[in-house]
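Please read the structure below before turning to the comments.
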Amino acid sequence: MKQEKNIPQIDDTPQAQDKPHKRRVHYSGKYPRRFEEKYKEQNPEKYQDMVEHVIRKGNTPAGMHRSIMVNEILEFLKIQPGETGFDATLGYGGHTKAMLECLKGEGHIYATDVDPVESEKTKKRLFEAGFGEKILTVKLQNFCTIDEIAAEAGGFDFILADLGVSSMQIDDPQRGFSFREGGPLDLRLNQTAGISAAERLDTISEAELEGMLEENSDEPYAAELAHAITTEIRKGHRIDTTAKLRRVIEESLDFVPQKEKKDTIRKTCQRVFQALRIDVNHEFEVLYDFLEKLPGALKPGGRVAILTFHSGEDKLVKKAFKAGLREGVYSEIARDVVRPSAQECAANGRARSTKMRWAVRA
C-alpha cells in the first residue's frame, strides 16, 4: 500500500492572502556593503563567527560599537567596589559594562544618553548581562544635567565622558551621519527633538554657514563651501539627503588638482558633516555646561576621564582642566593627552583620533 505524503496545508483565507510574504534581505555576494544587508553582523548572539571575522579585519560590525581605550580608562579611574560613578555617554555600553565589573556588585553607576533607541537597547543588554537597577540607573537625558544627577547620587567617585558618536549611529544610513551612505540628512542624536541638518540648512545664511564650518571643524574651504551650499538652496534645490550634500561638496571642489581630489573630497565631507552634527546637537554648548558643573559633581579625590575626537572638544577640556588646577578645584590634571596604543589603532581605525584627558578633584 502506497504511503501518503505529508502535504502542508495552505492557508487560503482572505486574511492570509492579504499578507504579502516578506523575504529577509540577503547578502549580495560574499560580504555585503549596505547596512540593511548586514543582518548577520547585527545578530552577534546568532552569528558570532561573522562578528569575530569583521573585528579581525579591523572593522566594526554593523549595529555595534567597539569601546576605545578601556584599559587606559580603568587604569586611571581605579574603580573600587562600593563607589558611585557616572557614565556621561552610555552609547553601546562597553565602557559602562567594564566599569560595572570593577564594582563587583557593590556601588552604583548612573548613565545618560539622549538617543532613545540605542539607550533602550543598551539598557536591555546590560540588564540581561546581570547589571540590573540595583547597580545601574540609565537616564534618557543630556549629560549636561550632571548637577541634577549628582545631587540625586550624593556626588561621584569617578566620571567618564566619551564624546564620540557611536558606530551604530554612524553606520545606520537613516541617521544621516555618514557621507558614504545614502540617507536623509538628519545628524541628530535624538531624532525626536530639535531640527535636522537639512532643516538647519534651509534657512542658514552664507556668512553663518561659513562661520560654522570654520569654528566646528577648521574647514579650510569654508567660504567656497558656504557659497556653493547656500546658492544651491536659494535656487530651490533643497539639500535634504547625504548624497545631495556630498554632490555639492564635490562640485564646489572642482578646482582641486585631480591627483589630490579624492582625498580632499573625503576629508572635506568628514569636516562638513562633523560641523553640521556639532551644530544641530549643540555639542559645544552642552560640553561648556558639563565642564562648568563637573567639579561640583565630583566628591573630594574623585577622578574624571574625558575622551575627545576633534581639536575643538580637546581645547575646551584642556582649558577647563587648566583653569580648575589654577583655581585649586583640581589637585592634578593630565599634562599631556593620553593616546590609544598603536595596537588598538591598528585593530580599530576609529580609535586613531582619540585623545584622553583626566583630572582629580581637590
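The values are calculated or read from the model by the stated rules, or taken from the named source; none is laboratory data. Just so it is clear, the model here is predicted, and its values are computed rather than measured. Note that each Cβ is placed from the backbone with ideal geometry, even for glycine, and that neighbours are counted across all protein chains shown. Surface accessibility is based on the protein's heavy atoms, side chains included, excluding ligands, DNA and RNA. Shrake-Rupley method; radii C 1.70, N 1.55, O 1.52, S 1.80 Å.
A quick yes/no check of all residues on (1) aromatic (Phe, Trp, Tyr); (2) in contact with a Gly (Cβ under 8 Å, 6 or more places away or on another chain); (3) within 21 Å of ARG175 (Cβ to Cβ); (4) modelled with pLDDT of 95 or more:
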position: GLU210; (1), (2), (3), (4): no, no, no, yes
position: SER217; (1), (2), (3), (4): no, yes, yes, no
position: PHE255; (1), (2), (3), (4): yes, no, no, no
position: ARG266; (1), (2), (3), (4): no, no, yes, no
Lone qualifier among ALA243, ALA153, ALA197 - being in contact (Cβ under 8 Å) with a residue 60 or more places away in the chain, in contact with a strand residue (DSSP E or B) (Cβ under 6 Å, 6 or more places away or on another chain) and not polar (S, T, N, Q): ALA153
ARG200 more than 17 Å from HIS282 (Cβ to Cβ) and surrounded by fewer than 21 Cβ atoms within 10 Å (Cβ to Cβ): no
Candidates ASP157, ASP162 - the one that is of a type in the set (D, E, K, R), at pLDDT below 95 and within 23 Å of LEU291 (Cβ to Cβ): ASP162
Residue within the range 96-119 that is touching a Leu at 6+ places or on another chain (Cβ under 9 Å) and farther than 25 Å from ALA297 by Cα present: yes
Matching helices (runs of 4 or more DSSP H) fully within the range 131-223 where at least 3 residues are within 30 Å of GLN80 (Cβ to Cβ): 146-153
Counted residues, the range 311-355 - those being in contact with an Asp or Glu (Cβ under 6 Å, 6 or more places away or on another chain) and of a type outside the set (D, E, K, R): 2
Any hit, the range 95-108, residues being closer than 28 Å to ILE170 by Cβ, open to solvent by 50 Å² or more (accessible area, probe 1.4 Å) and touching a residue at least 12 places away in the same chain (Cβ under 8 Å): yes
